[in-house]
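Worksheet for the structure shown next.
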Amino acid sequence: MSETMKIMLAVFGVFIAGIILVGLSKEEPSVAQKEAASSIRNYVNMQTMANEKCPAEIKKVTNEQVYFPSETKSDKESYITIIWLGENVKTGGFKKASCTLHAVLGGISELIIDDKIIIKKKI
């Protein structure tokens, strides 16, 4: 066997050993890691749904488009409340709009614009 062939076999052996080592070192996520990841996904989904549904509903009611909320409140598990402050108050726009989305309902559970309740659903 030539020296070149021995070097090629040694390199091939190192690659195989590396693949085996990486394959054996992979570990399953723990239950706590799975729960944390699930909680984060749930919060992101709630926030995404609220950012899609609430501005559309506010525009339908006030005919004013909202973009960036001024405040967000949440327990990060079951509900999220987003608050917008109106920009066009002098031209007939709203002062404050509050939209709450509960994960149980899967949609807007409460919409309040200038202290006037537009949507109020029981949980």
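Of the listed requirements (1) more than 25 Å from Ile117 (Cα to Cα); (2) open to solvent by less than 100 Å² (accessible area, probe 1.4 Å), Thr48 misses just one: (1). Count of region 79-123 residues, restricted to those that are open to solvent by less than 40 Å² (accessible area, probe 1.4 Å) and either among the hydroxyl-bearing types (Ser, Thr, Tyr) or farther than 23 Å from Thr48 by Cβ (or both), is 7. For Thr72, the requirement of being at pLDDT 90 or above, in contact with a helix residue (DSSP H, G or I) (Cβ under 9 Å, 6 or more places away or on another chain) and either among the aromatic types (Phe, Trp, Tyr) or under 15 Å from Ile117 (Cβ atoms) (or both) is not met. Keeping to region 59-107, report how many residues are under 16 Å from Val44 (Cα atoms) and of a type in the set (Val, Ile, Thr). Result for region 59-107: 6.
The values are calculated or read from the model by the stated rules, or taken from the named source; none is laboratory data. Here the structure is a predicted model, which means the values were calculated and not measured. Note that we place each Cβ from the backbone using ideal geometry, even for glycine, and neighbour counts take in every protein chain shown. Side chains are part of the model used for accessible areas, which takes the heavy atoms of the whole protein and leaves out ligands, DNA and RNA. Shrake-Rupley method; radii C 1.70, N 1.55, O 1.52, S 1.80 Å.
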